[in-house]
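Colleague: Let me give you the structure first, and then I'll get to my questions.
The values are calculated or read from the model by the stated rules, or taken from the named source; none is laboratory data. Quantities reported herein were computed from a predicted structural model and do not represent experimental measurements. With ideal geometry, Cβ positions are generated from the backbone for all residues, glycine too; neighbour counts draw on all protein chains shown. Just so you know, the surface numbers come from the protein's heavy atoms only, side chains and all, with ligands and any DNA or RNA stripped out. Shrake-Rupley method; radii C 1.70, N 1.55, O 1.52, S 1.80 Å.
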Amino acid sequence: MAEVSFICKRTVISTKPVQPAKFCPLSVLDRVMERNYLHIVLYYQSPVEQSPGELTKKLREANAEMLSSFPIITGRLLKTPEGHWTIKCNDAGMRMVEARAKGSVEEWLQNLDREKELQLVHWEEMFHKPYFWSTFYVKVTEFEEGGIAIGLSCTHLLSDPPCATMLMKAWADMTLGGKMISPPLFHPLPGRRPGNTKTNHDPYVELVDHYKSYIDMPAPVFDTKQATVTLRFEDEFVRRCITGISSEESSRTPFEALAALFWVVVSKVKGTKGGLTNMSICLDMRKVLGLDRGFFGNCMVYNKVNGDGIEGHELCEAANAIKEVVKKMDADGIMDLIEWLEARNCQNPPWMNGYDLICVNLEDVDSYSALFEDNARPLRASYYIEPPVGEGQILILPLPAGARDTFSRVVMITLPENEVKKLLEDALIQELSPTILMGLKKMPS
């Protein structure tokens, strides 16, 4: 018998009909992410005894209420006369899968790997007729001996990780209290503000060139089995990593330190010569562009970090290279990219996740605030930006809400399976004593 058993798939529609003939246009930052999709999995204990299906029914009803504020989710994709994707808002709804799993959620989390975790999400590739394709899916899995997992999958064309997290939080708010605390905001990306433009501003050509290089690349090859491990780094050891890079702790952020650490270690594992392997960092630009956290749409931007000439043991140089790129990604630089993408009118979106080693800063996502029941915060949150076809992927995530240690972090690393084994054995990683929350699949003895 399979560990996860399918029960049914439903279509959940919003409780309020959408405005007729309403469209939600997509931005250029949306459109460049067309080839990627997201998975999020949140795990919960069951705080009270409930009959099978009781909580799932409650979640389904709250989902319908929540969807009334998210017309972009219940709508369907259409192409404009210019060949750009847009959403025609209608009542087509969201697909919801219900499932059962053996054992308890605690037992599930004790022996977890990528393949097993991805059983808790549901995803369907875009149909040849996109207008009949659901862009968002949720899967609710109840554990027979207590606990629940909620999996969200969606196209990156419509949502980045902060948006998907916002959706989960809105759903939780409707389930717990019947009211959405932070409703989404749907509006275009901001234009350049002439009064805020730097005098004698030079266009940020490196950022534009990075996207241009991706657009011009051929499709990547999907031929290597990937494995994902999740590591928890405690506050003391993250601070040790930072002070090992710089004597002044305040000069480095946890993201810069951990990104540098994994960049160096992954390069060593891959046997890269003459520098570090090609890496792109991915950052949320909402704050930089002056957008509210409730902005719904893609606002994460990729930029190359140059590792040429950095030796495999030079953590300080690697961190400096990351810090310099982060510093350059200001509002004017991001507007340079947006304007270039709009002028280019790209009809062939790149594989943004398909070539370099990708390091994504998700420290500010707040998935642990999604309470579907009183005092029941998620036990764990997992994120996947798919498909993982490049050099590898590093996601740097926060610890659960309420953790006292401000520098503690969770890192999810996806690499070819043989490289993950080498990474876990590396001395730099072992010195920081991470806890393995999700590891490689255990082979039968």
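Colleague: Condition (residue is of a type in the set (Gly, Ala, Ser) and closer than 30 Å to residue 440 by Cα) applied to the stretch 156-166: is it met by at least one residue?
Modeller: Checked the stretch 156-166: at least one residue is of a type in the set (Gly, Ala, Ser) and closer than 30 Å to residue 440 by Cα.
Colleague: Something else: Could you please find all residues in the stretch 339-364 being closer than 16 Å to residue 299 by Cβ and either among the acidic types (Asp, Glu) or without any contact (Cβ under 8 Å) to a residue 12 or more places away in the chain (or both)?
Modeller: Correct list: 339, 342, 363, 364.
Colleague: Hey, another quick one. Consider only pairs whose beta carbons are under 6 Å apart and that are at least six residues apart or on different chains; among these, list those whose first residue lies in the stretch 211-236 and is within 24 Å of residue 397 (Cβ to Cβ) and whose second residue is in a helix (DSSP H, G or I).
Modeller: 225/417; 227/114; 227/417; 227/420; 228/114; 229/420
Colleague: Okay, next question. I'd like to know if the stretch 220-233 contains one or more residues that are under 16 Å from residue 411 (Cβ atoms), under 22 Å from the mean Cα position of the chain (by Cα), of a type in the set (D, E, K, R) and modelled with pLDDT of 90 or more.
Modeller: yes
Colleague: Can you tell me which residue is nearest to residue 215 (Cα to Cα) among those in the stretch 11-50 that are β-branched (Val, Ile, Thr) and open to solvent by less than 60 Å² (accessible area, probe 1.4 Å)?
Modeller: Selected residue: 32.
Colleague: Let me ask another. From the list 365, 360, 301, 325, pick out the single residue that is assigned to a loop (DSSP other than H, G, I, E, B) and β-branched (Val, Ile, Thr).
Modeller: 365
Colleague: From 282, 299, grab the single residue that is open to solvent by less than 10 Å² (accessible area, probe 1.4 Å), modelled with pLDDT of 95 or more and out of contact with any Asp or Glu (no Cβ under 8 Å at 6 or more places or on another chain).
Modeller: Only one candidate qualifies: 282.
Colleague: Does the stretch 225-242 include one or more residues that are touching a Gly at 6+ places or on another chain (Cβ under 6 Å), open to solvent by less than 10 Å² (accessible area, probe 1.4 Å) and under 24 Å from residue 389 (Cα atoms)?
Modeller: yes
Colleague: Quick check on this structure: which one of 169, 212 is over 20 Å from residue 35 (Cβ atoms) and of a type in the set (Lys, Arg)?
Modeller: 169
Colleague: Would you check which residues across the stretch 270-279 are in contact with a Leu (Cβ under 6 Å, 6 or more places away or on another chain) and either surrounded by 22 or more Cβ atoms within 10 Å (Cβ to Cβ) or modelled with pLDDT of 95 or more (or both) and list them?
Modeller: The one that is in contact with a Leu (Cβ under 6 Å, 6 or more places away or on another chain) and either surrounded by 22 or more Cβ atoms within 10 Å (Cβ to Cβ) or modelled with pLDDT of 95 or more (or both): 279.
Colleague: Hey, any hits in the stretch 113-129 for a residue that's open to solvent by 50 Å² or more (accessible area, probe 1.4 Å), modelled with pLDDT of 95 or more, among the polar types (S, T, N, Q) and closer than 29 Å to residue 420 by Cα?
Modeller: yes
Colleague: I'd like the full set of residues that are part of a helix (DSSP H, G or I) and touching a helix residue (DSSP H, G or I) at 6+ places or on another chain (Cβ under 7 Å), limited to the stretch 304-322.
Modeller: 315, 316, 318, 319, 322
Colleague: In the list 141, 135, which residue meets the criterion of being open to solvent by less than 20 Å² (accessible area, probe 1.4 Å) and within 19 Å of residue 6 (Cα to Cα)?
Modeller: 141
Quick grid of which residues meet (1) without any contact (Cβ under 8 Å) to a residue 12 or more places away in the chain; (2) polar (S, T, N, Q):
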residue: 49; (1), (2): yes, no
residue: 54; (1), (2): yes, no
residue: 67; (1), (2): no, no
residue: 88; (1), (2): no, no
residue: 106; (1), (2): no, no
residue: 111; (1), (2): no, yes
residue: 135; (1), (2): no, yes
residue: 139; (1), (2): no, no
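Colleague: Does residue 164 meet the test of being under 29 Å from residue 411 (Cα atoms), more than 17 Å from the chain's Cα centre (by Cα) and either at pLDDT 95 or above or open to solvent by less than 50 Å² (accessible area, probe 1.4 Å) (or both)?
Modeller: For residue 164, the condition - under 29 Å from residue 411 (Cα atoms), more than 17 Å from the chain's Cα centre (by Cα) and either at pLDDT 95 or above or open to solvent by less than 50 Å² (accessible area, probe 1.4 Å) (or both) - is not met.
Colleague: Any residue that is surrounded by fewer than 19 Cβ atoms within 10 Å (Cβ to Cβ) and either free of Cβ contacts under 8 Å to residues at least 12 places away in the same chain or more than 21 Å from the chain's Cα centre (by Cα) (or both) - is there at least one of those in the stretch 378-396?
Modeller: No, the stretch 378-396 has no match at all.
Colleague: Within the stretch 192-211, can you find the residues that are of a type outside the set (Val, Ile, Thr), more than 23 Å from the chain's Cα centre (by Cα) and modelled with pLDDT of 85 or more?
Modeller: Passing the criteria: 206, 209.
Colleague: Looking at this structure, is residue 353 within 30 Å of residue 169 (Cα to Cα), open to solvent by less than 30 Å² (accessible area, probe 1.4 Å), out of contact with any Phe, Trp or Tyr (no Cβ under 8 Å at 6 or more places or on another chain) and not in a loop (DSSP other than H, G, I, E, B)?
Modeller: No.
Colleague: Which of the numbered conditions does residue 293 fail, given that it passes all the others? Conditions: (1) under 24 Å from residue 184 (Cα atoms); (2) at pLDDT 90 or above.
Modeller: Exception for residue 293: condition (2).
Colleague: Could you run through the stretch 171-181 and say how many residues are within 20 Å of the chain's Cα centre (by Cα) and either under 22 Å from residue 394 (Cα atoms) or surrounded by fewer than 24 Cβ atoms within 10 Å (Cβ to Cβ) (or both)?
Modeller: 1
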